[in-house]
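Below is one structure, written out as structure tokens; comments come after it.
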There are 2 protein chains.
Amino acid sequence: MKFAATIQIMPRPEILDPQGKATRLGMHNLGFDQIDEVRIGKLITLNLEAESEEKAKEIVEESCKKLLANTVIEEYSFSLRQLEEA
Amino acid sequence: MKFAATIQIMPRPEILDPQGKATRLGMHNLGFDQIDEVRIGKLITLNLEAESEEKAKEIVEESCKKLLANTVIEEYSFSLRQLEEA
């Protein structure tokens, strides 16, 4: 079975986000004073092959922990969608 | 009114994504051979103050075009949620 995964990775709430801070400053400089609390994370999409949805979840979970997210400073969540077989 | 916006920015489908390619390679090296078509974008959350949802949409749309996304190589989408007044 083929699945498409969408993975969201954000800096943990207690962690400073300098990239977000810089972006907020840039926005204020452009006149967007109404904008606040900018935080920047990653959005990752990928396809994978697995025997079952259970197994697909395991693979995505493990790849988040081992490679995609730095769990000390980031938190992740993901959703899976089964793709039609061609 | 206060709103929370979640903005998703991804490389356009026709654009090569070297970061995604490198990540896919890293995954294969870790033994995740089932994973393919990795694409990496940005996930941005922010709060903003606006008179109406219509106006809030305009502000987010404009900040995407002017600062957050490079619309030549990236496409964006966003969702808005009204926050409870404190």
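So what's the net charge close to residue A:18: Lys and Arg +1, Asp and Glu -1, counting the other residues with Cβ under 13 Å from its Cβ?
Overall, the nearby charge balance is +2.
Can you name the chain A residue with its Cβ nearest the rotation axis from A to B, and give the distance in Å as a whole number?
Result for the A and B rotation: A:43, 2.
Can you give me the angle between helix B:18-29 and the longest principal axis of chain B, using Cα atoms only, in degrees from 0 to 90, rounded to the nearest 10?
50
Quick one: label points 7 angstrom along Cα→Cβ at residue A:66, distances to the other copies in nm, smallest first?
Counterpart label points of residue A:66 in the remaining copies fall at 4.5 nm.
What's the longest uninterrupted piece of chain A once you rule out the GluC sites (Glu not before Pro) that are loop residues per DSSP with at most 10 other Cβ within 10 Å?
Value returned for the longest uninterrupted segment is A:15-50.
Residues with beta-carbon under 9 Å from that of residue A:78, excluding residue A:78: net charge, scoring Lys, Arg +1 and Asp, Glu -1? Could you put the intermediate results ahead of the total?
Values: positive: A:57; negative: A:61.
Local net charge: 0.
Return the long-range amide H neighbours of residue B:69 (sequence gap of 5 or more, or a different chain), with a cut-off of under 5 Å between placed amide H atoms.
none
Helix B:53-63 versus the longest principal axis of chain B: what angle, 0 to 90°, nearest 10, using Cα atoms?
Roughly 50 degrees, rounded to the nearest 10.
Put a point 7 Å out from Cα along the line to Cβ at residue B:52; what are the distances to that point in the other copies, in nm, shortest first?
List, nearest first: 5.2 nm.
Mind checking which lysines have their C-alpha under 28 Å from residue B:57, skipping anything on the same chain fewer than 8 residues away?
Residue B:57 reaches A:21, A:42, B:2, B:42, B:65, B:66.
Run the label-point distances for residue B:29 please: 7 Å along Cα to Cβ, every other copy, nanometres, shortest first.
3.5
Please average, across the residues of B:60-69, the number of beta carbons from any other chain that are within 10 Å of each residue's own beta carbon, and give a whole number.
On the way: counts 2, 0, 3, 9, 0, 0, 5, 7, 5, 0.
Per residue, the average neighbour count from other chains is 3.
Every read-out reported here was derived from the displayed coordinates using simple, explicitly stated rules and does not represent laboratory data. Keep in mind that what you see is a predicted model, and the values were worked out from it rather than measured. When we count neighbours, we look across all protein chains shown, and the Cβ atoms used for this are built from the backbone with ideal geometry, even at glycine.
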